[in-house]
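Some notes on the structure that comes next.
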Amino acid sequence: MAEFALARQFQDRRWRDLQGGGGTKNIKTFKVYRWTPDDGQKPRVDTYEVDLDTCGPMILDALIKIKNEIDSSLTFRRSCREGVCGSCAMNIDGTNTLACTHFIADVKGDIKIYPLPHMPVVKDLVPDLNVPYAQLASIEPWLKTTTQPPTRERIQSLEERAKLDGLWECILCFCCTTSCPATGGAASATSAPAILLQAYRWLSDSRDEAKGERLDNLQDPFRLYRCHTIMNCTKTCPKSLNPAKAIAEIKKLLVERTI
């Protein structure tokens, strides 16, 4: 009878939280993707049973507890723990989100945690973000001017500043980019939702003087027009931003300059 090695590789390793004692009732099961490229083994899913009475309320609290008290080999990124840095972005219960702002109580049943999709995996829950950062660099995300700089800051009206709301808040967690079936895995220069939202942020800035140059850079069927308005990006954004709207606004700017 045929044997399948892959199925054996995916059998769970089960780990229990021993800190909570044997009689605890408040146990939550976490199923976490594990893979170390250097050890020659196939990816697997490990199961961790965590006592929530000795754990913080967020998914990130559980991951930190697992690493500190149960399995120190588990690898993931995290930094601010306040939904600001974007480091702990991962796929939780089928949705790309931030582990530090996602409540354990919001997930019914076992909690399944995977790295962001469409990205190469460095180790466990750590994706390789070299491509999206290269995409970000390609749009030159800084103020570009040609006129003589003023002696003080460049002034904006309240109305001009308000146009940046819903754009500047992006923390580059790439939850939107990796949720997009049309552009999530593309290596083209500016095709990803997060990058196009960043591009529109600079197009909307009244102080920037390179609008034509920026639009020229986006006038490419394999960049801006890879978007099929599937709306996954807007649905999954943990900061409640709207990358799909930003992409639509860039398309409008491209049309307006031809009229």
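The values are calculated or read from the model by the stated rules, or taken from the named source; none is laboratory data. The model shown is predicted, which means the values in this text are computed figures rather than measured ones. Virtual Cβ from ideal backbone geometry, glycine too; neighbours counted across all protein chains shown. SASA here: full protein model, heavy atoms, side chains in, ligands and nucleic acids out. Shrake-Rupley method; radii C 1.70, N 1.55, O 1.52, S 1.80 Å.
Looking only at the stretch 119-162, how many residues end up being closer than 27 Å to N217 by Cα and surrounded by 17 or more Cβ atoms within 10 Å (Cβ to Cβ)? Residues flagged as closer than 27 Å to N217 by Cα and surrounded by 17 or more Cβ atoms within 10 Å (Cβ to Cβ) within the stretch 119-162 amount to 7. Checked against (1) assigned to a loop (DSSP other than H, G, I, E, B); (2) open to solvent by less than 10 Å² (accessible area, probe 1.4 Å); (3) of a type in the set (D, E, K, R), K42 meets all criteria but (2).
Among the residues of the stretch 213-230, none qualifies, meaning not one is in contact with a Phe, Trp or Tyr (Cβ under 6 Å, 6 or more places away or on another chain) and either of a type in the set (V, I, T) or not in a helix (DSSP H, G or I) (or both).
For the stretch 170-179, check the following and say yes or no: at least one residue is aromatic (F, W, Y) and more than 21 Å from H102 (Cβ to Cβ). The answer is no, given that none of the residues of the stretch 170-179 is aromatic (F, W, Y) and more than 21 Å from H102 (Cβ to Cβ). The number of residues in the stretch 208-235 that are open to solvent by 50 Å² or more (accessible area, probe 1.4 Å) and at pLDDT below 85 comes to 5. In the condition set (1) in contact with a helix residue (DSSP H, G or I) (Cβ under 7 Å, 6 or more places away or on another chain); (2) of a type in the set (S, T, N, Q); (3) at pLDDT 95 or above, Q135 is compliant with all but (3). Can you confirm whether L116 is in a loop (DSSP other than H, G, I, E, B), of a type in the set (A, V, I, L, M) and surrounded by 14 or more Cβ atoms within 10 Å (Cβ to Cβ)? Yes, satisfied.
Would you point out which residue out of A246, A199 is touching a Ser or Thr at 6+ places or on another chain (Cβ under 7 Å) and outside any loop (DSSP other than H, G, I, E, B)? Only one candidate qualifies: A199.
Look at (1) of a type in the set (A, V, I, L, M, F, W, C); (2) under 23 Å from A194 (Cβ atoms); (3) in contact with a Lys or Arg (Cβ under 7 Å, 6 or more places away or on another chain) and you find that I104 fails only one, number (2). Residues of the stretch 61-87 that are out of contact with any Ser or Thr (no Cβ under 9 Å at 6 or more places or on another chain) and among the hydroxyl-bearing types (S, T, Y): S72 alone. Number of residues in the stretch 102-119 that are farther than 17 Å from T177 by Cβ and under 13 Å from the mean Cα position of the chain (by Cα): the value is 0. Residues that are open to solvent by 40 Å² or more (accessible area, probe 1.4 Å), touching a Cys at 6+ places or on another chain (Cβ under 9 Å) and either at pLDDT below 95 or of a type outside the set (G, A, S) (or both) do occur in the stretch 88-97, at least one of them.
A quick yes/no check of all residues on (1) more than 22 Å from R201 (Cβ to Cβ); (2) in a helix (DSSP H, G or I); (3) without any contact (Cβ under 8 Å) to a residue 24 or more places away in the chain:
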| site | (1), (2), (3) |
| --- | --- |
| K112 | yes, no, no |
| V131 | no, yes, no |
| T146 | no, no, no |
| E160 | no, yes, no |
| I171 | no, no, no |
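If we keep just the residues of the stretch 63-110 that are part of a loop (DSSP other than H, G, I, E, B) and of a type in the set (D, E), which is farthest from N130 (Cα to Cα)? So the residue we want is D110. Taking the listed residues I171, I195, I250, the one that is touching a strand residue (DSSP E or B) at 6+ places or on another chain (Cβ under 9 Å) and surrounded by 16 or more Cβ atoms within 10 Å (Cβ to Cβ) is I171, with no other qualifying.
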